[in-house]
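For reference, the structure is listed below as structure tokens.
Quick note: the coordinates plus some simple rules give every number you see, no bench work behind them. Worth saying up front: this structure is predicted, and the values here are computed from it rather than measured. Methodologically, a virtual Cβ is constructed for each residue, glycine included, from the backbone with ideal geometry; neighbour enumeration extends over all protein chains shown.
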Amino acid sequence: MFKITQEHYHLFTNFEIMASKSKVYFFFETPFSFSGRKQLKLAVEQVFQKEKIPISSLNYIFCTDMHLLEINRQYLKHDYYTDIITFDLSGKNEPVIGEVYISVDRVRENAKALGIPLSNELYRVVFHGALHLCGYNDKTKRQTTIMRERENHYITLLTKDLFHVKN
């Protein structure tokens, strides 16, 4: 199980945590900007509500390819780039506490390769991490299909404002 160490606390400031009533937080280790952060945070919270999974807190850390590669090597023993790594830090039968690391380099490259807006690829990986914490997996072809269906469902709800999230 991934444990939070002292080196991770540089991501958090009291201001960031106290300034929001949200259970979802965004932290940036590399320059990356996008609009609609508050709506996306609220949408992630609603994913957990709709999936009937209680959530305590969820931190999204936006970082570089190199940082995510280091995490992949150190904690998962994988030596390749990836767009996202999700850590469930929850105790058994406790509300979700999680950390989701997203490579902004991968998100940009994937969006370009797929010919889709950067925002759509960002939403996909953000919801992907949340869905992992809701119990979805993507190890088999069938699991991947279900995961993609759920990602697309939540992207549609967000982009068509069907979550009814307010600023």
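Note on Phe28 and Arg142: the extension gain reaches 37.7 nm, defined as 0.36 nm multiplied by sequence separation minus the Cα-Cα distance. As a rough footprinting exposure proxy, the listed residues Val126, Val104 were ranked by other beta carbons within 10 Å of their own, and the order from fewest upward is Val104, Val126. Among the chymotrypsin sites (Phe, Trp or Tyr not before Pro) in region 45-106, those placed in a DSSP loop whose Cβ has at most 13 other Cβ atoms within 10 Å are Tyr80. For region 25-41, the Karplus equation 6.51 cos²θ - 1.76 cosθ + 1.60, evaluated at θ = phi - 60°, returns couplings of 10, 10, 10, 10, 8, 9, x, 6, 10, 8, 8, x, 4, 4, 5, 5, 4 Hz by residue, with Gly and Pro reported as x.
Length gained on full extension, Ile53 to Asn120, computed as 0.36 nm times the residue gap minus the Cα-Cα distance: 21.7 nm. For the set Lys41/Lys139; Lys92/Lys160; Lys23/Lys160, the pairs lying more than 29 angstrom apart at their alpha carbons are Lys92/Lys160.
Exposure proxy for His67, His128: other Cβ atoms within 10 Å of each Cβ, ordered fewest to most, give His67, His128. Full extension of the chain between Thr156 and Ala113 yields a length gain of 13.4 nm, computed as 0.36 nm times the residue separation minus the alpha carbon distance.
When Ser35, Ser90, Ser103 are sorted by how many other C-beta atoms sit within 10 angstrom of their C-beta, beginning with the fewest, the order is Ser35, Ser90, Ser103.
State whether region 28-167 is rounded, prolate or oblate according to the following rule on the C-alpha gyration tensor (a ≥ b ≥ c being the square roots of its eigenvalues): a/c under 1.5 gives rounded; otherwise a/b larger than b/c gives prolate, and the remaining case gives oblate. Rounded is the answer for region 28-167, as its axis ratio a/c remains below 1.5. With the simple model of a label 7 Å out from the Cα in the direction of the Cβ, Arg73 to Lys21 spans 4.5 nm.
Legend: calculated FRET efficiency, Lys92 to Glu149, from the Cβ-Cβ distance at R0 = 45 Å, rounded to 0.05, equals 0.95. In this structure, the amide hydrogen of Ile55, modeled 1.01 Å from its nitrogen in the peptide plane, lies closer than 5 angstrom to those of Val96, counting only residues at least 5 positions away or on a different chain.
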